[in-house]
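Q: I'd like to ask you about the structure that follows.
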Amino acid sequence: MSRSNRAPVRSTVAAAICAVVLGGCSYNWTSVIPAGPSVIPHRDSAVVTIAIHSEHREMHHESASFWSPERYSVVREEVVVDRYEDLDVRTCKVSLRWRAPAGPEPDGSDVPRAERAMMGPLRFYAGDDKTSLVVANAATAQTWTAANGFAQIDEVIAVPAARRVVVISAGGSIAVYDVDANRVIACTTV
């Protein structure tokens, strides 16, 4: 073996020994975790857009060595929208939407966040226990429970054009409360 051929072999062996003794192997990987959906309402429409999210988490791994234990750390996390679906709250029919809504709000809605739980003088929200839908009438200062039995409520969105309220619960289940009929309809789970 010539002198020029031995140098790369020695450096590779030295690098391998260094990696084992000084810290082993390190690498990054990305995991994708489903996250809950969110509702994007549209003014004067009975159709809302459902944004289905996932969390992308990049992790770093360092193997154990003689001097240090094995370590994991989060490098970066971001929540991204995987797809959009339109939901007709009157019929609970879902259809695929090819792009995000183009309204002036950051999520593409044309309804400001402060108005999303309002239907006239009525404001809908999750009760203290997060399992009941509560209504407050701003005109009369009355408050009452509209419906019970939800899993933990994550989001409440009023849809005045259809006289319905969309309730997103933990686990991605979507239910619609019919204001006139005073009943809850289980629509879908994302």
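Q: Could you tell me how many of the residues in region 35-76 are modelled with pLDDT of 75 or more, small (Gly, Ala, Ser), surrounded by 14 or more Cβ atoms within 10 Å (Cβ to Cβ) and more than 17 Å from the chain's Cα centre (by Cα)?
A: 2
Q: Do you know which residues across region 91-114 are of a type outside the set (D, E, K, R) and within 17 Å of Val166 (Cα to Cα)?
A: Thr91, Cys92, Val94, Ser95, Ser109, Val111, Pro112, Ala114
Q: Let me ask something additional. Identify, please: which residue in region 115-125 is within 14 Å of Val167 (Cα to Cα) and touching a residue at least 40 places away in the same chain (Cβ under 8 Å) and is, among those, surrounded by the most Cβ atoms within 10 Å (Cβ to Cβ)?
A: Filtering first and then ranking leaves Phe124.
Q: Going by the structure shown, is Glu77 of a type in the set (Asp, Glu) and more than 26 Å from Val48 (Cβ to Cβ)?
A: For Glu77, the condition - of a type in the set (Asp, Glu) and more than 26 Å from Val48 (Cβ to Cβ) - is met.
Q: Residues Val94, Val74, Val79, Val89: which one is farther than 21 Å from Val159 by Cβ and touching a residue at least 24 places away in the same chain (Cβ under 8 Å)?
A: Within the list Val94, Val74, Val79, Val89, the selection yields Val79.
Q: Could you tell me whether any residue of region 180-188 is over 20 Å from Tyr84 (Cβ atoms), acidic (Asp, Glu) and either touching an Asp or Glu at 6+ places or on another chain (Cβ under 7 Å) or not in a loop (DSSP other than H, G, I, E, B) (or both)?
A: No: zero hits.
Q: I would also like to ask the following. Could you check Asp110 against (1) surrounded by 15 or more Cβ atoms within 10 Å (Cβ to Cβ); (2) in contact with a strand residue (DSSP E or B) (Cβ under 8 Å, 6 or more places away or on another chain); (3) among the charged types (D, E, K, R) and say which number it fails?
A: All conditions pass for Asp110, except number (2).
Q: Looking for something under 20 Å from the mean Cα position of the chain (by Cα), of a type outside the set (Gly, Ala, Ser) and in a helix (DSSP H, G or I) - is there at least one such residue anywhere in region 113-129?
A: Checking region 113-129: at least one residue is under 20 Å from the mean Cα position of the chain (by Cα), of a type outside the set (Gly, Ala, Ser) and in a helix (DSSP H, G or I).
Q: Would you pick out the residues in region 77-88 that are among the acidic types (Asp, Glu), under 17 Å from the mean Cα position of the chain (by Cα) and surrounded by 11 or more Cβ atoms within 10 Å (Cβ to Cβ)?
A: Residues satisfying the conditions are Glu77, Asp82, Glu85, Asp86.
Q: Is it fair to say Thr91 is surrounded by fewer than 15 Cβ atoms within 10 Å (Cβ to Cβ) and polar (S, T, N, Q)?
A: yes
Q: Moving on to the next point. Could you check, for region 85-107, whether at least one of its residues is part of a loop (DSSP other than H, G, I, E, B), under 24 Å from Cys187 (Cα atoms), of a type in the set (A, V, I, L, M) and at pLDDT below 90?
A: Yes.
Q: Do we have Arg99 as surrounded by 11 or more Cβ atoms within 10 Å (Cβ to Cβ) and out of contact with any Pro (no Cβ under 8 Å at 6 or more places or on another chain) here?
A: No; evaluated as a whole, the condition is false for this residue.
Q: Same structure, new question: Would you please name the residue that is nearest to Ile168 (Cα to Cα), looking only at residues in region 130-146 that are part of a strand (DSSP E or B) and of a type in the set (S, T, N, Q)?
A: Thr145
Q: Something else about it: Just checking, how many residues over region 150-165 are within 16 Å of Pro112 (Cβ to Cβ) and either within 19 Å of the chain's Cα centre (by Cα) or in a strand (DSSP E or B) (or both)?
A: Adding up the residues that qualify gives 5.
The values are calculated or read from the model by the stated rules, or taken from the named source; none is laboratory data. Computed from a prediction, not measured in an experiment: that's the story for all the values here. Note that each Cβ is placed from the backbone with ideal geometry, even for glycine, and that neighbours are counted across all protein chains shown.
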